[in-house]
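**Q** Take this structure, written in C-alpha coordinates, and hold onto it; I'll ask about it next.
The values are calculated or read from the model by the stated rules, or taken from the named source; none is laboratory data. Not measured: the values here are computed from a predicted model. Methodologically, a virtual Cβ is constructed for each residue, glycine included, from the backbone with ideal geometry; neighbour enumeration extends over all protein chains shown. Note: accessible area is taken over every heavy atom of the protein model, side chains too, but ligands, DNA and RNA are not part of it. Shrake-Rupley method; radii C 1.70, N 1.55, O 1.52, S 1.80 Å.
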Amino acid sequence: MSEVLLRTVRRVGTSGAPADVRIVDGRVTDVAPAGTLDAAGPDTDVVEAAGAWLAPGLVDHHVHFDQWALVRRRVDVSACDSAESTAALLAEVARTGVADRVLVGHGYRDGLWPRPARRELLDQAAPRLPVVVISADLHAVWCSTSALAHFSEVVGRPLVATEDGILREQDAFDVTGALSRVPDDVLDGYVADAVEAASARGVTRVVDLEMVFGLDRWTRRVHAGTDGLRVGSGVYPAELDAVIARGLRTGDVVDGTRGLVRMGPFKVISDGSLGTRTAANADGSGVLAWPFDELVAITRRAVAAGLTPAVHAIGDRANTLALDVFEAVGTRGTIEHAQLLDTADLERFARLGVTASVQPEHAMDDRDIADRHWAGQTDRAFAFASLDRAGARLVLGSDAPVAPLDPWVSMAAAVGRDRDGREPWHPTERLSALTAWRGSTDGGRASVAVGDVADLVLVEADPLAAGLPSAALRTMRVLATAIEGRFTHREV
(Lines give C-alpha, C1' and ligand atoms only; values in the text may rest on other atoms or scores of the structure.)
Protein backbone atom coordinates (compact mmCIF):
# COMPACT_ATOMS: atom_id res chain seq x y z
CA MET A 1 0.00 0.00 0.00
CA SER A 2 1.23 3.49 -0.85
CA GLU A 3 0.01 6.47 1.17
CA VAL A 4 0.39 10.23 0.86
CA LEU A 5 -0.93 12.60 3.53
CA LEU A 6 -1.41 16.23 2.55
CA ARG A 7 -1.64 18.35 5.67
CA THR A 8 -3.33 21.73 5.94
CA VAL A 9 -4.46 22.20 2.36
CA ARG A 10 -7.33 24.33 1.12
CA ARG A 11 -9.43 22.75 -1.59
CA VAL A 12 -10.27 24.82 -4.64
CA GLY A 13 -14.02 25.03 -5.19
CA THR A 14 -14.89 24.76 -1.49
CA SER A 15 -15.10 27.18 1.44
CA GLY A 16 -11.33 26.98 1.67
CA ALA A 17 -11.30 25.63 5.23
CA PRO A 18 -7.94 23.97 5.99
CA ALA A 19 -8.09 20.20 5.65
CA ASP A 20 -5.98 17.06 5.68
CA VAL A 21 -6.28 14.83 2.63
CA ARG A 22 -5.23 11.19 2.56
CA ILE A 23 -4.35 9.37 -0.67
CA VAL A 24 -4.08 5.58 -0.66
CA ASP A 25 -3.03 3.58 -3.73
CA GLY A 26 -3.73 6.48 -6.04
CA ARG A 27 -7.15 7.56 -4.76
CA VAL A 28 -8.38 10.17 -2.30
CA THR A 29 -9.71 8.18 0.66
CA ASP A 30 -10.19 10.81 3.38
CA VAL A 31 -10.78 14.53 3.72
CA ALA A 32 -10.95 15.85 7.27
CA PRO A 33 -10.38 19.09 9.21
CA ALA A 34 -6.71 20.07 9.39
CA GLY A 35 -4.78 18.31 12.13
CA THR A 36 -7.14 15.35 12.49
CA LEU A 37 -5.57 12.77 10.15
CA ASP A 38 -2.48 10.79 11.14
CA ALA A 39 -0.05 8.87 8.98
CA ALA A 40 -0.94 5.20 8.72
CA GLY A 41 2.66 4.07 9.02
CA PRO A 42 6.33 5.05 8.81
CA ASP A 43 6.36 4.91 5.01
CA THR A 44 3.60 7.49 4.58
CA ASP A 45 4.75 10.48 2.54
CA VAL A 46 3.62 13.43 4.67
CA VAL A 47 3.42 16.76 2.85
CA GLU A 48 3.15 19.88 5.00
CA ALA A 49 1.20 22.13 2.65
CA ALA A 50 0.90 25.18 4.91
CA GLY A 51 -2.39 26.36 3.48
CA ALA A 52 -1.64 25.84 -0.22
CA TRP A 53 -4.59 25.19 -2.52
CA LEU A 54 -5.34 21.67 -3.75
CA ALA A 55 -7.12 21.12 -7.04
CA PRO A 56 -7.71 18.50 -9.74
CA GLY A 57 -4.83 18.12 -12.17
CA LEU A 58 -4.99 20.22 -15.32
CA VAL A 59 -5.61 19.08 -18.88
CA ASP A 60 -4.47 20.56 -22.18
CA HIS A 61 -7.08 19.35 -24.65
CA HIS A 62 -5.11 20.12 -27.83
CA VAL A 63 -1.35 19.84 -28.26
CA HIS A 64 1.13 18.77 -30.92
CA PHE A 65 3.60 17.35 -28.47
CA ASP A 66 6.50 16.37 -30.72
CA GLN A 67 6.31 19.76 -32.41
CA TRP A 68 6.25 21.47 -29.00
CA ALA A 69 9.31 19.50 -27.88
CA LEU A 70 11.16 20.35 -31.11
CA VAL A 71 10.17 24.02 -31.14
CA ARG A 72 11.72 24.48 -27.72
CA ARG A 73 15.06 23.94 -29.50
CA ARG A 74 14.45 26.06 -32.60
CA VAL A 75 15.06 29.74 -33.24
CA ASP A 76 12.18 31.74 -31.77
CA VAL A 77 11.26 34.50 -34.24
CA SER A 78 7.90 35.33 -32.70
CA ALA A 79 9.05 38.78 -31.54
CA CYS A 80 10.12 39.82 -35.06
CA ASP A 81 7.77 42.38 -36.58
CA SER A 82 8.91 42.19 -40.21
CA ALA A 83 10.41 39.86 -42.78
CA GLU A 84 13.63 41.82 -42.58
CA SER A 85 13.99 41.51 -38.81
CA THR A 86 13.24 37.79 -39.02
CA ALA A 87 15.96 37.30 -41.62
CA ALA A 88 18.39 39.41 -39.59
CA LEU A 89 17.84 37.25 -36.50
CA LEU A 90 18.37 34.07 -38.50
CA ALA A 91 21.53 35.53 -40.07
CA GLU A 92 22.86 36.22 -36.57
CA VAL A 93 22.18 32.62 -35.55
CA ALA A 94 23.78 31.31 -38.76
CA ARG A 95 26.98 33.20 -37.93
CA THR A 96 27.27 31.30 -34.64
CA GLY A 97 27.57 28.02 -36.54
CA VAL A 98 25.08 26.19 -34.29
CA ALA A 99 23.06 24.93 -37.29
CA ASP A 100 24.99 22.48 -39.45
CA ARG A 101 22.30 21.04 -41.74
CA VAL A 102 19.10 23.13 -41.78
CA LEU A 103 18.46 26.42 -40.00
CA VAL A 104 14.92 26.34 -38.57
CA GLY A 105 13.00 29.27 -37.13
CA HIS A 106 9.55 29.12 -35.62
CA GLY A 107 6.74 31.48 -34.78
CA TYR A 108 6.53 34.07 -37.56
CA ARG A 109 3.29 36.02 -37.88
CA ASP A 110 3.19 37.94 -41.16
CA GLY A 111 -0.42 39.09 -41.05
CA LEU A 112 0.65 42.59 -39.94
CA TRP A 113 4.08 42.83 -41.57
CA PRO A 114 4.62 46.03 -43.59
CA ARG A 115 6.12 44.03 -46.47
CA PRO A 116 5.66 40.37 -47.38
CA ALA A 117 8.14 37.60 -46.77
CA ARG A 118 10.65 37.26 -49.60
CA ARG A 119 12.73 34.23 -50.49
CA GLU A 120 15.90 36.21 -51.17
CA LEU A 121 15.99 37.45 -47.57
CA LEU A 122 16.50 33.89 -46.36
CA ASP A 123 18.93 33.14 -49.20
CA GLN A 124 21.06 36.05 -48.01
CA ALA A 125 20.67 35.26 -44.29
CA ALA A 126 22.42 31.88 -44.54
CA PRO A 127 23.84 31.28 -48.03
CA ARG A 128 25.35 27.92 -47.08
CA LEU A 129 22.28 26.44 -45.36
CA PRO A 130 18.69 25.60 -46.25
CA VAL A 131 16.55 27.97 -44.15
CA VAL A 132 13.00 27.16 -43.03
CA VAL A 133 10.77 29.42 -40.95
CA ILE A 134 7.57 27.84 -39.63
CA SER A 135 4.58 30.08 -39.00
CA ALA A 136 3.17 30.35 -35.51
CA ASP A 137 0.00 28.54 -36.58
CA LEU A 138 1.92 25.74 -38.41
CA HIS A 139 -0.12 26.28 -41.57
CA ALA A 140 2.66 28.02 -43.54
CA VAL A 141 6.40 27.58 -44.01
CA TRP A 142 8.72 30.23 -45.46
CA CYS A 143 11.67 28.66 -47.28
CA SER A 144 14.92 29.69 -48.87
CA THR A 145 15.64 28.52 -52.41
CA SER A 146 17.91 25.72 -51.21
CA ALA A 147 15.33 24.64 -48.60
CA LEU A 148 12.65 24.26 -51.28
CA ALA A 149 14.97 22.07 -53.35
CA HIS A 150 16.09 20.06 -50.33
CA PHE A 151 12.62 19.33 -48.98
CA SER A 152 11.15 18.61 -52.41
CA GLU A 153 13.70 15.82 -52.57
CA VAL A 154 12.97 14.69 -49.01
CA VAL A 155 9.20 14.44 -49.50
CA GLY A 156 9.60 12.96 -52.97
CA ARG A 157 7.67 15.53 -54.99
CA PRO A 158 7.95 19.17 -56.04
CA LEU A 159 6.65 21.49 -53.34
CA VAL A 160 4.31 24.21 -54.57
CA ALA A 161 5.53 27.51 -53.18
CA THR A 162 4.66 31.08 -53.95
CA GLU A 163 7.27 33.18 -55.73
CA ASP A 164 8.33 34.39 -52.28
CA GLY A 165 9.00 30.87 -51.00
CA ILE A 166 5.85 30.38 -48.95
CA LEU A 167 4.32 26.92 -48.61
CA ARG A 168 0.80 26.64 -47.23
CA GLU A 169 -1.38 23.88 -45.79
CA GLN A 170 -0.42 20.34 -46.89
CA ASP A 171 2.92 21.36 -48.42
CA ALA A 172 3.76 23.14 -45.16
CA PHE A 173 2.67 20.13 -43.11
CA ASP A 174 4.91 17.89 -45.24
CA VAL A 175 7.94 20.05 -44.49
CA THR A 176 7.28 20.22 -40.75
CA GLY A 177 6.76 16.46 -40.81
CA ALA A 178 10.11 15.98 -42.51
CA LEU A 179 11.80 18.23 -39.95
CA SER A 180 10.34 16.06 -37.20
CA ARG A 181 12.18 12.96 -38.42
CA VAL A 182 14.98 12.94 -35.90
CA PRO A 183 16.37 9.79 -34.24
CA ASP A 184 13.98 8.26 -31.72
CA ASP A 185 16.36 8.63 -28.81
CA VAL A 186 16.93 12.31 -29.58
CA LEU A 187 13.24 13.12 -29.95
CA ASP A 188 12.35 11.10 -26.87
CA GLY A 189 14.88 13.11 -24.89
CA TYR A 190 13.34 16.36 -26.07
CA VAL A 191 9.89 15.03 -25.20
CA ALA A 192 11.01 13.96 -21.72
CA ASP A 193 12.17 17.52 -21.03
CA ALA A 194 8.88 18.92 -22.32
CA VAL A 195 6.90 16.50 -20.13
CA GLU A 196 8.79 17.74 -17.08
CA ALA A 197 8.00 21.33 -18.05
CA ALA A 198 4.31 20.51 -18.45
CA SER A 199 4.23 18.76 -15.06
CA ALA A 200 5.78 21.86 -13.50
CA ARG A 201 2.72 23.81 -14.67
CA GLY A 202 0.24 21.36 -13.12
CA VAL A 203 -0.58 19.37 -16.25
CA THR A 204 -1.57 15.75 -15.71
CA ARG A 205 -3.11 14.92 -19.10
CA VAL A 206 -2.87 16.04 -22.71
CA VAL A 207 -4.69 15.24 -25.92
CA ASP A 208 -1.87 14.86 -28.42
CA LEU A 209 -2.93 15.67 -31.97
CA GLU A 210 0.48 15.28 -33.56
CA MET A 211 0.03 14.73 -37.28
CA VAL A 212 1.93 11.43 -37.27
CA PHE A 213 0.23 8.75 -35.19
CA GLY A 214 2.01 8.67 -31.84
CA LEU A 215 0.48 5.87 -29.78
CA ASP A 216 3.46 3.56 -30.18
CA ARG A 217 5.95 6.37 -29.53
CA TRP A 218 4.22 7.27 -26.27
CA THR A 219 4.16 3.61 -25.25
CA ARG A 220 7.89 3.40 -25.85
CA ARG A 221 8.47 6.57 -23.83
CA VAL A 222 6.45 5.35 -20.85
CA HIS A 223 8.38 2.09 -20.85
CA ALA A 224 11.60 4.12 -20.83
CA GLY A 225 10.46 6.09 -17.79
CA THR A 226 8.85 9.20 -19.28
CA ASP A 227 5.69 8.83 -17.22
CA GLY A 228 4.77 12.33 -16.12
CA LEU A 229 1.62 12.70 -18.23
CA ARG A 230 -1.49 10.86 -19.27
CA VAL A 231 -1.74 11.02 -23.05
CA GLY A 232 -4.57 10.47 -25.50
CA SER A 233 -2.97 10.10 -28.94
CA GLY A 234 -5.08 11.05 -31.94
CA VAL A 235 -5.04 9.81 -35.52
CA TYR A 236 -5.46 11.61 -38.87
CA PRO A 237 -7.01 10.29 -42.11
CA ALA A 238 -3.69 9.10 -43.56
CA GLU A 239 -3.36 6.48 -40.82
CA LEU A 240 -7.03 5.78 -40.14
CA ASP A 241 -6.97 2.40 -41.92
CA ALA A 242 -4.06 1.20 -39.80
CA VAL A 243 -5.79 2.20 -36.57
CA ILE A 244 -9.03 0.52 -37.60
CA ALA A 245 -7.09 -2.63 -38.54
CA ARG A 246 -5.65 -2.69 -35.02
CA GLY A 247 -9.13 -2.43 -33.54
CA LEU A 248 -8.28 0.72 -31.59
CA ARG A 249 -11.17 2.77 -30.26
CA THR A 250 -11.10 6.18 -28.61
CA GLY A 251 -10.43 5.70 -24.89
CA ASP A 252 -8.76 2.29 -25.18
CA VAL A 253 -5.86 1.94 -22.75
CA VAL A 254 -2.58 0.63 -24.12
CA ASP A 255 -1.40 -2.45 -22.25
CA GLY A 256 1.70 -2.01 -20.17
CA THR A 257 1.46 1.77 -19.81
CA ARG A 258 -0.12 1.79 -16.32
CA GLY A 259 -3.15 3.55 -17.74
CA LEU A 260 -1.11 6.51 -18.98
CA VAL A 261 -1.54 6.04 -22.74
CA ARG A 262 -4.91 5.84 -24.47
CA MET A 263 -6.23 5.95 -27.98
CA GLY A 264 -7.36 9.49 -28.74
CA PRO A 265 -9.79 11.00 -31.26
CA PHE A 266 -9.93 10.95 -35.05
CA LYS A 267 -8.64 14.37 -36.17
CA VAL A 268 -9.50 15.86 -39.55
CA ILE A 269 -8.63 19.34 -40.80
CA SER A 270 -11.46 21.06 -42.68
CA ASP A 271 -9.87 24.43 -43.46
CA GLY A 272 -6.76 26.56 -42.96
CA SER A 273 -5.99 29.24 -40.38
CA LEU A 274 -6.47 32.90 -39.62
CA GLY A 275 -2.75 33.74 -39.52
CA THR A 276 -2.09 32.15 -42.91
CA ARG A 277 -5.34 33.68 -44.27
CA THR A 278 -6.62 30.29 -45.39
CA ALA A 279 -9.54 29.92 -42.95
CA ALA A 280 -12.71 29.15 -44.91
CA ASN A 281 -15.19 31.97 -44.41
CA ALA A 282 -18.70 32.67 -45.60
CA ASP A 283 -17.39 35.59 -47.70
CA GLY A 284 -15.63 33.07 -49.95
CA SER A 285 -12.13 33.59 -48.61
CA GLY A 286 -9.89 30.74 -47.53
CA VAL A 287 -9.84 27.08 -48.48
CA LEU A 288 -11.83 24.00 -47.60
CA ALA A 289 -9.71 20.88 -47.38
CA TRP A 290 -12.56 18.40 -47.98
CA PRO A 291 -15.75 18.31 -50.04
CA PHE A 292 -18.72 17.88 -47.72
CA ASP A 293 -19.67 14.38 -48.90
CA GLU A 294 -16.11 13.09 -48.49
CA LEU A 295 -15.82 14.61 -45.04
CA VAL A 296 -19.09 12.97 -44.01
CA ALA A 297 -17.95 9.63 -45.41
CA ILE A 298 -14.60 9.50 -43.65
CA THR A 299 -16.08 10.77 -40.38
CA ARG A 300 -18.82 8.15 -40.54
CA ARG A 301 -16.19 5.45 -41.15
CA ALA A 302 -14.16 6.58 -38.13
CA VAL A 303 -17.24 6.73 -35.89
CA ALA A 304 -18.33 3.25 -36.98
CA ALA A 305 -14.92 2.00 -35.85
CA GLY A 306 -15.36 3.56 -32.40
CA LEU A 307 -13.34 6.74 -32.88
CA THR A 308 -14.58 10.11 -31.64
CA PRO A 309 -14.19 12.83 -34.29
CA ALA A 310 -12.29 16.06 -33.68
CA VAL A 311 -12.77 18.43 -36.61
CA HIS A 312 -10.46 21.41 -37.11
CA ALA A 313 -12.53 24.43 -38.15
CA ILE A 314 -11.39 28.08 -38.01
CA GLY A 315 -13.58 30.14 -40.36
CA ASP A 316 -17.34 30.54 -40.06
CA ARG A 317 -17.97 28.60 -43.27
CA ALA A 318 -15.80 25.74 -42.02
CA ASN A 319 -17.54 25.68 -38.64
CA THR A 320 -20.96 25.51 -40.27
CA LEU A 321 -19.69 22.68 -42.47
CA ALA A 322 -18.26 20.83 -39.46
CA LEU A 323 -21.55 21.08 -37.57
CA ASP A 324 -23.35 19.85 -40.69
CA VAL A 325 -21.02 16.83 -40.71
CA PHE A 326 -21.76 16.02 -37.07
CA GLU A 327 -25.48 16.32 -37.77
CA ALA A 328 -25.28 14.15 -40.88
CA VAL A 329 -23.29 11.42 -39.13
CA GLY A 330 -25.37 11.66 -35.95
CA THR A 331 -22.42 11.70 -33.58
CA ARG A 332 -20.81 13.80 -30.89
CA GLY A 333 -17.24 14.99 -30.78
CA THR A 334 -15.28 18.21 -30.80
CA ILE A 335 -14.73 21.11 -33.11
CA GLU A 336 -11.14 22.18 -32.65
CA HIS A 337 -10.65 25.97 -32.58
CA ALA A 338 -14.15 27.26 -33.50
CA GLN A 339 -12.65 30.70 -34.01
CA LEU A 340 -15.19 32.53 -36.18
CA LEU A 341 -18.82 31.51 -35.84
CA ASP A 342 -22.08 32.34 -37.53
CA THR A 343 -24.37 33.40 -34.69
CA ALA A 344 -26.96 30.92 -35.96
CA ASP A 345 -24.51 28.11 -35.23
CA LEU A 346 -24.00 28.89 -31.53
CA GLU A 347 -26.97 26.87 -30.33
CA ARG A 348 -26.12 24.00 -32.66
CA PHE A 349 -23.07 23.11 -30.59
CA ALA A 350 -25.28 22.39 -27.58
CA ARG A 351 -28.12 20.81 -29.56
CA LEU A 352 -25.79 18.42 -31.40
CA GLY A 353 -23.65 17.67 -28.35
CA VAL A 354 -20.52 19.02 -30.04
CA THR A 355 -17.84 20.32 -27.67
CA ALA A 356 -16.01 23.51 -28.56
CA SER A 357 -12.31 22.76 -27.99
CA VAL A 358 -10.84 26.26 -27.91
CA GLN A 359 -7.43 27.84 -27.39
CA PRO A 360 -8.00 31.20 -25.68
CA GLU A 361 -4.42 32.47 -26.01
CA HIS A 362 -4.90 32.47 -29.79
CA ALA A 363 -7.30 35.38 -29.29
CA MET A 364 -4.54 37.35 -27.62
CA ASP A 365 -1.94 36.42 -30.23
CA ASP A 366 -4.23 37.13 -33.18
CA ARG A 367 -6.45 40.00 -32.04
CA ASP A 368 -4.76 42.53 -34.35
CA ILE A 369 -4.63 40.10 -37.26
CA ALA A 370 -8.34 39.37 -36.75
CA ASP A 371 -9.18 43.06 -36.61
CA ARG A 372 -7.48 43.50 -39.98
CA HIS A 373 -8.46 40.34 -41.84
CA TRP A 374 -11.84 39.75 -40.20
CA ALA A 375 -12.72 43.43 -39.99
CA GLY A 376 -16.29 44.05 -38.84
CA GLN A 377 -16.74 40.42 -37.80
CA THR A 378 -14.67 40.10 -34.64
CA ASP A 379 -17.71 40.28 -32.38
CA ARG A 380 -18.17 36.67 -33.60
CA ALA A 381 -14.50 35.69 -33.15
CA PHE A 382 -13.33 33.55 -30.24
CA ALA A 383 -16.90 33.79 -28.94
CA PHE A 384 -16.34 31.81 -25.74
CA ALA A 385 -19.01 33.40 -23.57
CA SER A 386 -21.57 33.24 -26.38
CA LEU A 387 -20.95 29.52 -26.71
CA ASP A 388 -21.26 29.11 -22.96
CA ARG A 389 -24.53 31.07 -22.84
CA ALA A 390 -25.86 28.91 -25.68
CA GLY A 391 -25.27 25.83 -23.54
CA ALA A 392 -22.24 24.47 -25.35
CA ARG A 393 -19.54 22.59 -23.48
CA LEU A 394 -16.10 24.19 -23.76
CA VAL A 395 -12.72 22.60 -23.14
CA LEU A 396 -9.49 24.58 -23.20
CA GLY A 397 -6.09 23.90 -24.72
CA SER A 398 -3.02 25.53 -26.16
CA ASP A 399 -2.47 24.02 -29.63
CA ALA A 400 1.18 23.99 -28.55
CA PRO A 401 3.50 25.00 -30.11
CA VAL A 402 1.11 27.67 -31.43
CA ALA A 403 0.72 28.86 -27.82
CA PRO A 404 2.60 27.68 -24.72
CA LEU A 405 1.61 24.35 -23.20
CA ASP A 406 0.41 26.02 -20.01
CA PRO A 407 -3.24 25.83 -18.88
CA TRP A 408 -2.74 28.89 -16.68
CA VAL A 409 -2.04 30.94 -19.79
CA SER A 410 -5.16 29.53 -21.46
CA MET A 411 -7.35 30.25 -18.44
CA ALA A 412 -5.96 33.78 -18.09
CA ALA A 413 -6.77 34.56 -21.72
CA ALA A 414 -10.27 33.11 -21.38
CA VAL A 415 -11.05 35.00 -18.19
CA GLY A 416 -9.38 38.31 -18.98
CA ARG A 417 -9.28 38.61 -22.80
CA ASP A 418 -6.23 40.76 -22.07
CA ARG A 419 -2.45 40.65 -22.08
CA ASP A 420 0.55 42.94 -22.00
CA GLY A 421 -1.34 45.77 -20.35
CA ARG A 422 -3.76 46.24 -23.26
CA GLU A 423 -7.47 46.74 -22.81
CA PRO A 424 -9.57 43.56 -22.96
CA TRP A 425 -10.55 42.56 -26.48
CA HIS A 426 -14.32 42.08 -26.81
CA PRO A 427 -14.69 41.74 -23.03
CA THR A 428 -18.29 40.52 -23.36
CA GLU A 429 -16.77 37.20 -24.48
CA ARG A 430 -14.85 36.65 -21.24
CA LEU A 431 -15.53 33.36 -19.49
CA SER A 432 -16.14 33.11 -15.77
CA ALA A 433 -13.23 31.73 -13.78
CA LEU A 434 -15.26 28.66 -12.90
CA THR A 435 -16.17 27.89 -16.52
CA ALA A 436 -12.55 28.29 -17.63
CA TRP A 437 -11.45 26.12 -14.72
CA ARG A 438 -13.92 23.34 -15.54
CA GLY A 439 -12.73 23.48 -19.14
CA SER A 440 -9.20 22.81 -17.96
CA THR A 441 -9.76 19.79 -15.72
CA ASP A 442 -10.71 16.15 -16.30
CA GLY A 443 -14.47 15.82 -16.67
CA GLY A 444 -14.95 19.44 -15.64
CA ARG A 445 -14.12 18.75 -11.98
CA ALA A 446 -14.08 21.88 -9.84
CA SER A 447 -12.70 20.39 -6.64
CA VAL A 448 -11.13 17.34 -4.98
CA ALA A 449 -13.35 14.84 -3.15
CA VAL A 450 -13.18 11.41 -1.56
CA GLY A 451 -13.09 8.69 -4.21
CA ASP A 452 -11.33 10.80 -6.83
CA VAL A 453 -8.32 9.47 -8.68
CA ALA A 454 -5.47 11.48 -7.17
CA ASP A 455 -4.44 13.40 -10.28
CA LEU A 456 -3.79 16.63 -8.42
CA VAL A 457 -2.10 20.02 -8.45
CA LEU A 458 -1.07 22.11 -5.45
CA VAL A 459 -0.85 25.87 -6.02
CA GLU A 460 -0.06 28.92 -3.91
CA ALA A 461 -3.36 30.79 -4.43
CA ASP A 462 -7.03 30.10 -5.10
CA PRO A 463 -7.54 30.32 -8.88
CA LEU A 464 -11.28 30.87 -8.33
CA ALA A 465 -10.88 33.76 -5.88
CA ALA A 466 -13.17 36.66 -6.66
CA GLY A 467 -11.33 39.52 -8.30
CA LEU A 468 -8.17 37.55 -9.07
CA PRO A 469 -6.59 39.35 -12.04
CA SER A 470 -5.82 37.41 -15.18
CA ALA A 471 -2.12 38.26 -14.80
CA ALA A 472 -2.09 36.34 -11.50
CA LEU A 473 -3.40 33.26 -13.32
CA ARG A 474 -0.66 33.53 -15.94
CA THR A 475 2.02 33.47 -13.26
CA MET A 476 0.38 31.03 -10.85
CA ARG A 477 3.04 29.17 -8.87
CA VAL A 478 2.64 25.40 -8.95
CA LEU A 479 3.98 23.73 -5.83
CA ALA A 480 3.33 20.10 -6.75
CA THR A 481 1.71 17.91 -9.38
CA ALA A 482 0.72 14.26 -8.96
CA ILE A 483 -0.71 11.42 -11.02
CA GLU A 484 -2.47 8.82 -8.87
CA GLY A 485 -0.68 10.30 -5.87
CA ARG A 486 2.74 9.89 -7.50
CA PHE A 487 4.51 13.25 -7.66
CA THR A 488 5.62 14.31 -11.14
CA HIS A 489 6.67 17.75 -9.89
CA ARG A 490 7.31 18.80 -6.31
CA GLU A 491 8.54 21.91 -4.52
CA VAL A 492 7.10 21.14 -1.05
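**Q** Suppose we keep only residues that are among the hydrophobic types (A, V, I, L, M, F, W, C) and open to solvent by 30 Å² or more (accessible area, probe 1.4 Å) within segment 97-111. Which one would you say is nearest to residue 150 (Cα to Cα)?
**A** 102
**Q** So, in segment 56-96, how many residues would count as being over 23 Å from the mean Cα position of the chain (by Cα), open to solvent by 50 Å² or more (accessible area, probe 1.4 Å) and small (Gly, Ala, Ser)?
**A** 1
**Q** Taking only segment 268-327 into account, find how many residues are in a helix (DSSP H, G or I), within 14 Å of residue 354 (Cβ to Cβ) and open to solvent by 10 Å² or more (accessible area, probe 1.4 Å).
**A** Here the count works out to 5.
**Q** Next up: Taking segment 469-492 as the search range and keeping residues that are among the β-branched types (Val, Ile, Thr) and at pLDDT 95 or above, which one is surrounded by the fewest Cβ atoms within 10 Å (Cβ to Cβ)?
**A** The residue in question is 475.
**Q** Of the residues that make up segment 426-440, is at least one on the phi > 0 side of the Ramachandran plot, in contact (Cβ under 8 Å) with a residue 12 or more places away in the chain and part of a loop (DSSP other than H, G, I, E, B)?
**A** Yes, the conditions are met somewhere in segment 426-440.
**Q** Which one of the conditions (1) assigned to a loop (DSSP other than H, G, I, E, B); (2) touching a residue at least 60 places away in the same chain (Cβ under 8 Å); (3) surrounded by 17 or more Cβ atoms within 10 Å (Cβ to Cβ) does residue 234 fail to meet, given that it meets all the rest?
**A** Among (1) assigned to a loop (DSSP other than H, G, I, E, B); (2) touching a residue at least 60 places away in the same chain (Cβ under 8 Å); (3) surrounded by 17 or more Cβ atoms within 10 Å (Cβ to Cβ), residue 234 violates only (1).
**Q** Continuing with this model, one more query. For segment 246-257, enumerate the residues that are open to solvent by 90 Å² or more (accessible area, probe 1.4 Å) and either over 22 Å from the mean Cα position of the chain (by Cα) or among the aromatic types (Phe, Trp, Tyr) (or both).
**A** 246, 255
**Q** A further question on this structure: Just to be sure I understand the filter: pairs with C-beta atoms under 8 Å, separated by 6 or more residues or on different chains, first member in segment 112-123 and in contact (Cβ under 8 Å) with a residue 60 or more places away in the chain and open to solvent by 60 Å² or more (accessible area, probe 1.4 Å), second member acidic (Asp, Glu) and assigned to a helix (DSSP H, G or I). Which pairs pass?
**A** Within 8 Å, the pairs are 112/368.
**Q** Hey, does segment 451-468 have a residue that's touching an Asp or Glu at 6+ places or on another chain (Cβ under 8 Å), outside any loop (DSSP other than H, G, I, E, B) and either crowded, with 16+ Cβ neighbours inside 10 Å or among the hydrophobic types (A, V, I, L, M, F, W, C) (or both)?
**A** Yes; the residues of segment 451-468 include at least one that is touching an Asp or Glu at 6+ places or on another chain (Cβ under 8 Å), outside any loop (DSSP other than H, G, I, E, B) and either crowded, with 16+ Cβ neighbours inside 10 Å or among the hydrophobic types (A, V, I, L, M, F, W, C) (or both).
**Q** Do the conditions hold for residue 403, that is, is it closer than 25 Å to residue 231 by Cα, open to solvent by less than 20 Å² (accessible area, probe 1.4 Å) and assigned to a loop (DSSP other than H, G, I, E, B)?
**A** yes
For (1) in contact with a Leu (Cβ under 7 Å, 6 or more places away or on another chain); (2) modelled with pLDDT under 95; (3) within 30 Å of residue 230 (Cβ to Cβ), each residue gets a yes or a no:
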{"position": "54", "(1), (2), (3)": "yes, no, yes"}
{"position": "59", "(1), (2), (3)": "no, no, yes"}
{"position": "72", "(1), (2), (3)": "no, yes, yes"}
{"position": "82", "(1), (2), (3)": "no, no, no"}
{"position": "86", "(1), (2), (3)": "no, no, no"}
{"position": "90", "(1), (2), (3)": "yes, no, no"}
{"position": "97", "(1), (2), (3)": "no, yes, no"}
{"position": "108", "(1), (2), (3)": "no, no, no"}
{"position": "112", "(1), (2), (3)": "no, yes, no"}
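**Q** Same structure, new question: Can you tell me which of 406, 462 is modelled with pLDDT of 95 or more, in contact with a Gly (Cβ under 8 Å, 6 or more places away or on another chain) and acidic (Asp, Glu)?
**A** 462
**Q** Please state which one of 181, 168, 128, 157 is more than 21 Å from residue 397 (Cβ to Cβ), surrounded by fewer than 17 Cβ atoms within 10 Å (Cβ to Cβ) and either among the hydroxyl-bearing types (Ser, Thr, Tyr) or within 27 Å of the chain's Cα centre (by Cα) (or both).
**A** 181
**Q** In this structure, is residue 20 surrounded by 19 or more Cβ atoms within 10 Å (Cβ to Cβ) and touching an Asp or Glu at 6+ places or on another chain (Cβ under 6 Å)?
**A** No, not satisfied.
**Q** If you check 445, 422, which single one turns out to be under 30 Å from residue 377 (Cβ atoms) and either out of contact with any Leu (no Cβ under 8 Å at 6 or more places or on another chain) or open to solvent by 60 Å² or more (accessible area, probe 1.4 Å) (or both)?
**A** Result of the check over 445, 422: 422.
**Q** Among the residues of segment 23-46, write down those that are free of Cβ contacts under 8 Å to residues at least 40 places away in the same chain and either farther than 29 Å from residue 438 by Cβ or open to solvent by 50 Å² or more (accessible area, probe 1.4 Å) (or both).
**A** Residues satisfying the conditions are 33, 35, 36, 38, 39, 40, 41, 42.
**Q** Considering only residues that are within 26 Å of residue 229 (Cβ to Cβ) and aliphatic (A, V, I, L, M), look in segment 1-17 and name the one that is surrounded by the fewest Cβ atoms within 10 Å (Cβ to Cβ).
**A** Restricting to residues being within 26 Å of residue 229 (Cβ to Cβ) and aliphatic (A, V, I, L, M), the top hit is 1.
**Q** Restricting attention to segment 370-391, which residues are open to solvent by 10 Å² or more (accessible area, probe 1.4 Å) and either part of a helix (DSSP H, G or I) or closer than 18 Å to residue 432 by Cα (or both)?
**A** Answer for segment 370-391, where residues must be open to solvent by 10 Å² or more (accessible area, probe 1.4 Å) and either part of a helix (DSSP H, G or I) or closer than 18 Å to residue 432 by Cα (or both): 371, 372, 373, 378, 379, 380, 386, 388, 389, 390, 391.
**Q** Does segment 342-358 contain any residue that is in contact (Cβ under 8 Å) with a residue 12 or more places away in the chain, in a loop (DSSP other than H, G, I, E, B) and surrounded by 22 or more Cβ atoms within 10 Å (Cβ to Cβ)?
**A** Looking through segment 342-358, none of the residues is in contact (Cβ under 8 Å) with a residue 12 or more places away in the chain, in a loop (DSSP other than H, G, I, E, B) and surrounded by 22 or more Cβ atoms within 10 Å (Cβ to Cβ).
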